[in-house]
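Visitor: Sharing a structure here in structure tokens format.
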Amino acid sequence: MAGMKPWIDLSGKVALVTGAASGIGRACCAGLAEVGATVIATDRDAAGAGAVADCTPGAHAHALDVTSDAAWRECEAWIERTFGRLDIVVNSAGIVSSDRVGDADTATYQRIFAVNVEGSLLGMRTALAFMRRQGKGAIVNISSAASLSGASIMASYGASKAAIAHYTRSAALETVRAGHDIRINSVHPGVIDTAMADDFCEIYSVLGSKEAVEQKMSTGRFGTASEVADVVVYLCSDRASFIAGTGIVVDRAASA
Ligand SMILES: NC(=O)c1ccc[n+]([C@@H]2O[C@H](COP(=O)([O-])OP(=O)(O)OC[C@H]3O[C@@H](n4cnc5c(N)ncnc54)[C@H](O)[C@@H]3O)[C@@H](O)[C@H]2O)c1
């Protein structure tokens with residue numbers, strides 16, 4: 001109705017999304033732009049981030065490998081020069097792989113923790129450099145429902161996602177106790193139909209094809225990236241003003 005305020009309005013806010021070239025990150029770019037945010041789509045896949053920015057109103061693209069401290073420093077300086085502020089960060093870049101504790105596969109552990117854990121940590125550090133100065137901001141870290149229970153054939157992935165959830169709680173306590181209106185939360189999706197779901201199905205190939213995996217799930221279907229993005233956008237908005245230091249599971253009761 002004309003004259004009514006939208007339920008969520010992020011106009012004037014600058015929002016950086018990592019892993020924006022695909023899946024949940026891409027859907028978060030679309031969702032944040034839809035409610036007025038100026039989106040910075042980042043990914044190690046620079047062309048993919050560019051393509052997302054091209055079809056997202058008002059968006060910018062920036063190449064960013066989240067494992068690189070130097071790349072984050074460069075990105076931070078570019079944001080300072082270009083926008084002078086940063087209000088929202090969504091740490092979505094992530095990788096999945098299969099490993100078991102008994103195999104002591106340290107190469108897989110290091111690769112997964114570098115992207116999923118260190119990448120999110122550097123993202124939070126960059127966000128906080130702006131948000132502490134502004135006294136306000138919102139960060140959402142994409143963890144996983146896999147952080148909630150043991151995953152015998154994705155041990156390092158599950159552990160990395162649990163580490164993200166723990167860093168989220170610690171960071172939220174840090175900012176709230178410092179008196180800042182900076183809310184940091186995690187989102188824990190179940191299986192979502194993105195490129196990563198193909199990797200997941202390969203890991204669980206014993207269950208059969210992708211369709212067979214989907215049918216065997218209690219949810220009856222995979223979630224969609226936009227079903228996760230809707231929760232992320234909500235958490236980034238003042239509608240979630242009293243939600244900080246927690247995780248929201250988006251898995252249609254799969255882990256209930
Ligand atoms: N799809 C699922 O079922 C599911 C479930 C739970 C959690 N998640 C989490 O959601 C997040 C997004 O996953 P998705 O399903 O959209 O996967 P996706 O594979 O579709 O997208 C991941 C994106 O991250 C980017 N990326 C990977 N390594 C990077 C790096 N070092 N630096 C920058 N970008 C990098 C990739 O280029 C890609 O664009 C991940 O953190 C994932 O662990 C996914």
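The values are calculated or read from the model by the stated rules, or taken from the named source; none is laboratory data. Bear in mind that the values here come from a model prediction, so they are computed numbers and not experimental data. Here the Cβ positions follow ideal geometry from the backbone for every residue, glycine too, while neighbour counts run over all protein chains shown. Keep in mind that these areas ignore ligands, DNA and RNA; they rest on the heavy atoms of the full protein, side chains included. Shrake-Rupley method; radii C 1.70, N 1.55, O 1.52, S 1.80 Å.
Visitor: Quick one: if you stick a label point 7 Å off each Cα along the C-beta vector at SER205 and PHE242, how many nm between them?
Guide: 5.0 nm
Visitor: Under the rule a/c < 1.5 gives rounded, and otherwise a/b versus b/c splits prolate from oblate, where does region 23-91 land using the Cα gyration tensor?
Guide: Numbers: a/c = 1.76, a/b = 1.26, b/c = 1.40.
Since a/c reaches 1.5 but b/c is at least a/b, the shape of region 23-91 is classed as oblate.
Visitor: Under a straight-distance cross-link criterion of Cα-Cα below 30 Å, which lysines are reachable from LYS210, leaving out those fewer than 8 residues away in the same chain?
Guide: LYS161
Visitor: How big is the C-alpha Rg of region 154-256 next to the rule-of-thumb value 2.2 N^0.38 Å, as a ratio?
Guide: Numbers: Rg = 16.0 Å, N = 103, 2.2 N^0.38 = 12.8 Å.
Here the Cα radius of gyration is 1.25 times the empirical estimate.
Visitor: Taking the highest mean first, how do the peptides 209-221, 52-64, 13-25, 240-252 order by number of other beta carbon atoms within 10 angstrom per residue? Walk me through the numbers on the way to the answer.
Guide: On the way: 209-221: 12.9, 52-64: 18.7, 13-25: 27.5, 240-252: 16.8.
Ranking, from highest mean packing down: 13-25, 52-64, 240-252, 209-221.
Visitor: On average, how much area does the Cα convex hull of the chain cover when viewed from any direction, in nm²? Kindly include the intermediate steps, with their values, before the conclusion.
Guide: Details: hull surface 58.2 nm².
Spelled out: convex hull of the Cα atoms, projected over all directions, averaged, 14.5 nm².
Visitor: Also: Report the full-extension gain for the segment ASP9 to ILE153: residue separation times 0.36 nm, less the Cα-Cα distance, to one decimal in nm.
Guide: On the way: separation 144, 0.36 × 144 = 51.84 nm, distance 4.17 nm.
That works out to 47.7 nm of additional length.
Visitor: How many nm separate the modelled label positions at ASP69 and CYS55, each set 7 Å beyond the Cα in the direction of the Cβ?
Guide: Label-label distance for ASP69 and CYS55, simple model: 3.8 nm.
Visitor: Hey, another quick one. Can you tell me the accessible area per residue over the chain, all protein chains present, probe 1.4 angstrom, in square angstrom?
Guide: Accessible surface, normalised per residue, equals 46 Å².
Visitor: Follow-up question, since we're still on this one. Can you list which of the chymotrypsin sites (Phe, Trp or Tyr not before Pro) found in region 64-150 are DSSP loop residues with at most 11 other C-beta atoms within 10 Å? Please list the in-between numbers first.
Guide: On the way: sites: TRP72, TRP78, PHE83, TYR109, PHE113, PHE130; in loops: PHE83.
Nothing satisfies the criteria.
Visitor: Taking 37 °C and 0.692 mPa s as the conditions, I'd like the Stokes-Einstein D for region 43-182 in µm²/s, using the Kirkwood hydrodynamic radius from alpha carbon pairs. It would help to have the intermediate numbers written out before the result.
Guide: On the way: Rh = 16.2 Å.
In µm²/s, the coefficient is 203.
Visitor: For ALA107 and ASP198 in one chain, what is 0.36 nm times their gap in residues minus the Cα-Cα distance, to one decimal in nm?
Guide: On the way: separation 91, 0.36 × 91 = 32.76 nm, distance 2.18 nm.
Between ALA107 and ASP198, full extension yields an extra 30.6 nm.
Visitor: Return the sequence-ordered ³J(HN,Hα) values of region 183-198 in whole Hz as given by the Karplus equation 6.51 cos²θ - 1.76 cosθ + 1.60 applied to θ = phi - 60°, using x for Gly and Pro.
Guide: After applying 6.51 cos²θ - 1.76 cosθ + 1.60, I find 9, 10, 9, 10, 10, 10, x, x, 6, 10, 6, 10, 4, 5, 4, 5 Hz.
Visitor: Can I ask one more? Take the solvent-accessible surface of the protein heavy atoms, probe 1.4 Å, and return the percent of it on the chain that carbon and sulfur atoms account for.
Guide: On the way: 6290 of 11820 Å².
Carbon with sulfur: 53 percent of the solvent-accessible area.
Visitor: May I pose another question? For region 85-133, which trypsin sites (Lys or Arg not before Pro) are in a loop by DSSP, counting at most 14 other Cβ atoms within 10 Å?
Guide: On the way: sites: ARG85, ARG100, ARG111, ARG125, ARG132, ARG133; in loops: ARG85, ARG100.
Filter output for region 85-133: ARG100.
Visitor: Near the amide H of VAL250, under 5 Å away, which other amide H atoms are found, from residues 5 or more places off or on another chain, if H is placed in the peptide plane?
Guide: Close amide H contacts, sequence-distant or interchain: HIS188, GLY190.
Visitor: Taking R0 as 35 Å, what's the FRET efficiency between ALA253 and VAL176 from their Cβ-Cβ distance, rounded to 0.05? Kindly include the intermediate steps, with their values, before the conclusion.
Guide: On the way: r = 30 Å, r/R0 = 0.86.
Plugging the Cβ-Cβ distance into 1/(1 + (r/R0)^6) gives 0.70.
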